[in-house]
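The values are calculated or read from the model by the stated rules, or taken from the named source; none is laboratory data. Keep in mind that this is a model prediction, so the values were computed, not measured. Note: ideal-geometry Cβ built from the backbone for every residue, glycine included; neighbour counts use all protein chains shown. Ligands, DNA and RNA are excluded from the accessible area calculation, which covers all protein heavy atoms including side chains. Shrake-Rupley method; radii C 1.70, N 1.55, O 1.52, S 1.80 Å.
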Amino acid sequence: MIKLQNVCKSYYLGEEEVKAVCNATLEIKAKEYVSILGTSGSGKSTLMYLIGLLEQPTSGKIFLDDQDVSKLSDEELSHIRNRTVGFVFQSFNLINRFTVLENVLLPTHYLKGQLDFDPRKRAEDLLEKFGILERKHFFPNKISGGQQQRVAMVRALIMNPKIILADEPTGNLDSKTGSEILDLMEGLNKDFGVTVVLVTHEKAVARRTRRQIYIKDGLIVDKY
Ligand SMILES: Nc1ncnc2c1ncn2[C@@H]1O[C@H](COP(=O)(O)OP(=O)(O)O)[C@@H](O)[C@H]1O
Ligand SMILES: [Mg+2]
């Protein structure tokens with residue numbers, strides 16, 4: 001589904017080049033459940049942003065369903081991204097002045113009138129499935145971390161994406177709550193056929209996925 005071919009991503013701090021990801025070649029197939037494992041600073045998040053079309057590579061090519069997307073404009077890219085990818089982050093990234101329901105509906109606002117589903121109905125169905133429907137009118141800072149991450153997952157799913165990318169989604173949660181989030185991720189993959197890519201620095205988390213991609217100093221390696 002998504003292929004990276006010799007992809008590099010550099011950041012420039014003044015004159016200095018930081019090679020965050022170097023020469024990455026990989027493929028994420030439809031319906032896979034895969035983790036990206038590496039220590040802090042190894043390039044995991046950068047690799048995830050490349051896979052999720054949030055960042056354009058400095059060099060190399062990225063294919064989404066065999067279409068070369070590495071040269072598209074920001075506008076074309078964000079259009080594709082909105083319909084293809086859902087993101088979940090360590091710090092949930094919810095907007096505190098909006099309610100749970102409003103947060104979940106945000107991604108649908110850009111495409112009002114062009115959707116083939118009723119956003120409110122889909123939002124409530126998903127909130128129900130994740131056990132947080134009764135919190136729909138709460139503000140994010142009035143619910144627990146585990147509940148906030150469930151809300152973030154529903155927001156990631158609202159546009160019915162093919163792939164969910166989660167950057168250390170259990171990083172701010174205690175182990176029991178984190179484990180519940182991982183159960184939900186697994187369920188999305190198993191029961192709904194969503195492709196899930198999970199970024200983590202914890203071996204125990206990576207072990208729960210079906211395949212692991214290891215990254216070290218910006219390079220994909222065979223062993224961890
Ligand atoms: N926006 C940025 N500007 C400059 N350097 C960055 C930026 N983002 C990441 N880096 C650098 O790239 C490397 C990889 O970062 P990152 O992908 O965030 O790693 P990880 O998620 O594994 O901790 C690090 O050295 C980091 O400091
Ligand atoms: Mg990171």
Open item on the list: Cβ-Cβ distance below 6 Å, separation of 6 or more or different chains: which pairs start in the stretch 7-26 with a residue that is within 17 Å of Ile51 (Cβ to Cβ) and end on one that is among the polar types (S, T, N, Q) and within 9 Å of ligand 1 (Cβ to nearest atom)?
Closed with: Lys9/Thr46; Ala20/Thr46; Val21/Thr46
Task: Pairs, first more than 16 Å from ligand 2 (Cβ to nearest atom) in the stretch 205-216, second assigned to a loop (DSSP other than H, G, I, E, B), C-beta under 9 Å, six or more apart - done: Thr209/Glu32; Arg210/Glu32; Arg211/Glu32; Gln212/Tyr224
TODO: Give the residues of the stretch 187-212 that are farther than 25 Å from Ser40 by Cβ, assigned to a helix (DSSP H, G or I) and not aliphatic (A, V, I, L, M), sorted by residue number.
DONE: Gly187, Asn189, Lys190, Asp191, Phe192
Task: Some residue of the stretch 81-96 being outside any strand (DSSP E or B), over 15 Å from the mean Cα position of the chain (by Cα) and modelled with pLDDT of 95 or more - done: yes
Open item on the list: Among the residues that make up the stretch 10-21, is at least one of them more than 8 Å from ligand 1 (Cβ to nearest atom), at negative phi and surrounded by 19 or more Cβ atoms within 10 Å (Cβ to Cβ)?
Closed with: no
Open item on the list: Taking the condition of being assigned to a loop (DSSP other than H, G, I, E, B) and either modelled with pLDDT under 95 or open to solvent by 20 Å² or more (accessible area, probe 1.4 Å) (or both), how many residues in the stretch 112-157 meet it?
Closed with: 13
Task: Selection from the stretch 29-54 of residues that are open to solvent by 50 Å² or more (accessible area, probe 1.4 Å), within 10 Å of ligand 1 (Cβ to nearest atom) and touching a helix residue (DSSP H, G or I) at 6+ places or on another chain (Cβ under 8 Å) - done: none
